[in-house]
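Just passing along the structure, written as structure tokens.
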Amino acid sequence: MKKLPPFGSQVRNYTALVSAFIYNLNVFGLSAKNICAPGFNCHGCPWATFSCPVGIIGYGFGVRSIPAFALGSVLAIGIFLGRLICGYACPFGLLQDILFRIKSRKFSLPRPVRYVKYILMILFVFVLTYLFGFNVKEGYIRINKPVIAKDVPELDKSIFAKKNSSYFNKEKYNTVVTKGGFPVPSELLTENSDGGDFFSNGLKPIGVSGINSTGNSSSASLDDILQELDGVNKSESMIPSQAESVSGSLKPIGIAKSSGGAELDDLFSEQADTSEKIESGGGESVFDFLERSKEESYKNSKLIVEVTVENLSTHSVDGFIITPVYYAHGTGEEIWRGEDKVYSEVIPAGELFTTEIFEVPYYIYKADLTILSPQTAVAMDYWTLFCTYCPVAAIEADIPSKISGIEDLSQLVYATTKMSPVRLLITFFVIIASIFISRFFCRGLCPLGAMYGLISRFAILRITLVKDSCIDCGKCDRVCPIELDVRKEVGGSECISCGDCVKACPTAALKRKVGL
């Protein structure tokens, strides 16, 4: 490669930037970790939207489970696009392109080095990880998504009950359906004097009731009221008389303790005390109080939770601990942690165990409930698991986790975000090498590129050479970022389908082909 094409003229640089943004939408609270990203992006990053296929595959083999979805994702992308993802949708590939533009003496990568990535893939993602990657002699469990029961009076009973009919273990609990349509264990429910559902622990679901135009009582949720009030211009604060007219028709809201609870009347009277500020355009508006009333109404409420754990190891688990924790939406900040729940039950290898139900505070409207356990953490030997020394993880997980203040996500993701001396040295080496050698990591070390490379020869979309049109000028070779002998290797396992050769060809002998 004698001369680099202008950075701004290459569309793939912009698509890689867009991909980097999409891969990290969890900075805004958008997460889909059950889906694998097509490019190499570490899900150990607290901002990561998707999971890394290399991490998921390595983790699956480590716990002796075939990660069919991750393998299927790589296979599907490879069949359709080959290694085009490496050229157009890999943030780490973009970083290497930027590093290579630093002025320095440039070197070619020895041809045998390109085969190292296949050795790393076979040994460190599949074979050694399966044999030695995780220490599971003490047992290992996976915590399935917790079942959360809450009574919602405004939902249609028959539809809601049918939708949630299998929520609780029928063999363990005799379930009944509440007025809100949620099946809960009958042991928790009694019927109060007015025929309503009454939780034996002192919790009673109370709807938001009002008076309709015909004088009859009706029910609505606070969200309904907020939506109705949304038509009012929020830039003009509601005056006290308006607040009184609204509050006079409303009753206690949400799920509150039977001994009392937040009332909208109380909140509006507090609003009236600040009438001078409201009329002058300052202070809180009635909408602020409505939002705060939602939180107040749930302050003393409880959710009932049931958790199923699965022993994924080849050894039994002799007792385990689970801990409920709430993490704020988007930020990942811990806002509540419950007491450890200790279970002495023995779970044989491959078996499921359903816990007794327990209660947690009602923070679900502002946070995500997560169930943690020491038994979900397994010992990883860095020399047998690719993630633990991956330079992508060092740059895309370690640094963001430090910035966001979340330094250990090992309980939440299938990767480690703790920087080790080995990973630090490898990362430093890859960065320096990428300045002198074009796409050093992609060509020599990337296991995801190796996986796509094995399939790319059969890709539906690839670049092909029309030999009759080729004049052997060699311009394609000079612009190839992978330093291929383009006329022999284009469309093969090393080609990232970047299209630079297509643009450079004076006779249009190189074309993108769609089809088998």
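Within segment 51-98, how many residues turn out to be assigned to a helix (DSSP H, G or I), open to solvent by 40 Å² or more (accessible area, probe 1.4 Å) and of a type outside the set (Gly, Ala, Ser)? Break it down into steps so the answer makes sense when it comes.
Taking segment 51-98 as the starting set, the residues that turn out to be assigned to a helix (DSSP H, G or I) are 53-62, 68-81, 84-88, 91-98.
Okay, now just the ones that are also open to solvent by 40 Å² or more (accessible area, probe 1.4 Å), so 68-69, 71, 75-76, 79-81, 88, 95, 98.
Then keep just the ones that are of a type outside the set (Gly, Ala, Ser); that gives 69, 71, 75, 79-81, 88, 95, 98.
Total meeting the criteria: 9.
Moving on to the next point. Quick check: is even one residue across segment 436-453 open to solvent by 50 Å² or more (accessible area, probe 1.4 Å), modelled with pLDDT of 95 or more and among the aromatic types (Phe, Trp, Tyr)? Walk me through how you get there before you give the answer.
Taking segment 436-453 and keeping what is open to solvent by 50 Å² or more (accessible area, probe 1.4 Å), we get 436.
Still in the list and also modelled with pLDDT of 95 or more: 436.
Filter once more, so that each one left must be among the aromatic types (Phe, Trp, Tyr): 436.
Scanning segment 436-453, I find at least one residue that is open to solvent by 50 Å² or more (accessible area, probe 1.4 Å), modelled with pLDDT of 95 or more and among the aromatic types (Phe, Trp, Tyr), so the answer is yes.
Could you tell me which numbered condition ILE22 fails, if it satisfies all but one of (1) at pLDDT 90 or above; (2) at positive phi?
That leaves (2) as the condition not met.
Name every residue in segment 492-511 that is touching a residue at least 40 places away in the same chain (Cβ under 8 Å) and under 18 Å from LEU454 (Cα atoms), in order of residue number.
SER493, GLU494, CYS495, ILE496, SER497, CYS498
While we're here: Just one of (1) touching a residue at least 40 places away in the same chain (Cβ under 8 Å); (2) closer than 26 Å to TYR130 by Cβ; (3) of a type outside the set (Asp, Glu) trips up ILE66, so point out which.
Among (1) touching a residue at least 40 places away in the same chain (Cβ under 8 Å); (2) closer than 26 Å to TYR130 by Cβ; (3) of a type outside the set (Asp, Glu), the lone unmet condition for ILE66 is (1).
Let's see how each residue does on (1) under 35 Å from the mean Cα position of the chain (by Cα); (2) in a loop (DSSP other than H, G, I, E, B):
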{"site": "ARG462", "(1), (2)": "yes, no"}
{"site": "ASP468", "(1), (2)": "no, no"}
{"site": "SER497", "(1), (2)": "yes, yes"}
{"site": "VAL502", "(1), (2)": "no, no"}
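Going through segment 355-369 one residue at a time, which ones are surrounded by fewer than 18 Cβ atoms within 10 Å (Cβ to Cβ) and within 25 Å of the chain's Cα centre (by Cα)?
Restricting attention to segment 355-369, the residues satisfying the condition of being surrounded by fewer than 18 Cβ atoms within 10 Å (Cβ to Cβ) are 356, 358-359, 364-366, 368.
Matches in segment 355-369: ILE364, TYR365, LYS366, ASP368.
Still on this structure, please answer the following. So if I check each of ILE455, ILE432, which one is within 30 Å of SER104 (Cα to Cα) and not charged (D, E, K, R)? Steps first, please.
Working: ILE455 fails: within 30 Å of SER104 (Cα to Cα).
The conditions single out ILE432.
Moving to a separate point now. State all residues of segment 427-443 that are of a type outside the set (A, V, I, L, M, F, W, C) and free of Cβ contacts under 8 Å to residues at least 60 places away in the same chain; if no residue qualifies, say none. Even if it seems obvious, please write down each step before you answer.
From segment 427-443, those of a type outside the set (A, V, I, L, M, F, W, C) are 427, 434, 438-439, 443; that's our starting set.
Within segment 427-443, THR427 is the sole residue that qualifies.
Would you confirm whether any residue within segment 15-22 is surrounded by 20 or more Cβ atoms within 10 Å (Cβ to Cβ) and part of a helix (DSSP H, G or I)? First the steps, then the outcome.
So in segment 15-22, the residues surrounded by 20 or more Cβ atoms within 10 Å (Cβ to Cβ) come out as 16, 19.
Okay, now just the ones that are also part of a helix (DSSP H, G or I), so 16, 19.
Scanning segment 15-22 turns up at least one residue that is surrounded by 20 or more Cβ atoms within 10 Å (Cβ to Cβ) and part of a helix (DSSP H, G or I).
May I pose another question? Return the only residue of LYS157, LYS137, LYS163 being charged (D, E, K, R), at pLDDT below 85 and touching a strand residue (DSSP E or B) at 6+ places or on another chain (Cβ under 8 Å).
Testing whether each residue is charged (D, E, K, R), at pLDDT below 85 and touching a strand residue (DSSP E or B) at 6+ places or on another chain (Cβ under 8 Å) leaves just LYS157.
Can you find, within segment 307-354, the residue that is most open to solvent (accessible area, probe 1.4 Å) among those that are hydroxyl-bearing (Ser, Thr, Tyr) and at pLDDT 90 or above?
Step one: filter segment 307-354 for residues hydroxyl-bearing (Ser, Thr, Tyr), giving 308, 313-314, 316, 323, 326-327, 331, 343-344, 354.
Then drop every residue that is not at pLDDT 90 or above, which leaves 308, 323, 326-327, 343-344, 354.
Numbers: THR308: 36, THR323: 10, TYR326: 0, TYR327: 39, TYR343: 28, SER344: 102, THR354: 27 Å².
Filtering first and then ranking leaves SER344.
Is segment 420-434 home to any residue that is at pLDDT 85 or above, small (Gly, Ala, Ser), under 30 Å from VAL479 (Cβ atoms) and open to solvent by less than 50 Å² (accessible area, probe 1.4 Å)?
Among the residues of segment 420-434, at least one is at pLDDT 85 or above, small (Gly, Ala, Ser), under 30 Å from VAL479 (Cβ atoms) and open to solvent by less than 50 Å² (accessible area, probe 1.4 Å), which makes the answer yes.
GLY39 - would you say it is under 27 Å from LEU120 (Cβ atoms) and modelled with pLDDT under 85? Write out each step before concluding.
On the way: under 27 Å from LEU120 (Cβ atoms): yes; modelled with pLDDT under 85: no.
No; evaluated as a whole, the condition is false for this residue.
Filter segment 460-496 for residues that are among the β-branched types (Val, Ile, Thr) and in contact with a Cys (Cβ under 8 Å, 6 or more places away or on another chain); which is farthest from ILE77 (Cα to Cα)? Before the answer, list the steps.
So the first thing to find is which residues in segment 460-496 are among the β-branched types (Val, Ile, Thr), and the list is 460, 463-464, 466, 471, 479, 482, 486, 490, 496.
Then drop every residue that is not in contact with a Cys (Cβ under 8 Å, 6 or more places away or on another chain), which leaves 463, 479, 482, 486, 490, 496.
Details: ILE463: 16, VAL479: 26, ILE482: 21, VAL486: 23, VAL490: 19, ILE496: 13 Å.
Here the answer is VAL479.
Only one of LYS475, LYS513 is over 16 Å from ARG111 (Cα atoms) and out of contact with any strand residue (DSSP E or B) (no Cβ under 8 Å at 6 or more places or on another chain); which?
Working: LYS513 fails: out of contact with any strand residue (DSSP E or B) (no Cβ under 8 Å at 6 or more places or on another chain).
Just one listed residue meets the conditions, LYS475.
Is segment 31-42 home to any residue that is open to solvent by less than 40 Å² (accessible area, probe 1.4 Å) and touching an Asp or Glu at 6+ places or on another chain (Cβ under 8 Å)?
Of the residues in segment 31-42, the ones open to solvent by less than 40 Å² (accessible area, probe 1.4 Å) are 32, 36-42.
Going one step further and asking which of them are touching an Asp or Glu at 6+ places or on another chain (Cβ under 8 Å), we end up with 41-42.
There is at least one residue in segment 31-42 that is open to solvent by less than 40 Å² (accessible area, probe 1.4 Å) and touching an Asp or Glu at 6+ places or on another chain (Cβ under 8 Å).
The values are calculated or read from the model by the stated rules, or taken from the named source; none is laboratory data. Since this is a predicted model, take the numbers as computed values, not measurements. All Cβ positions, even for glycine, are placed from backbone atoms using ideal geometry, and neighbour counts span all protein chains on display. Heads up: the accessible areas ignore ligands, DNA and RNA and are worked out on the full protein's heavy atoms, side chains in. Shrake-Rupley method; radii C 1.70, N 1.55, O 1.52, S 1.80 Å.
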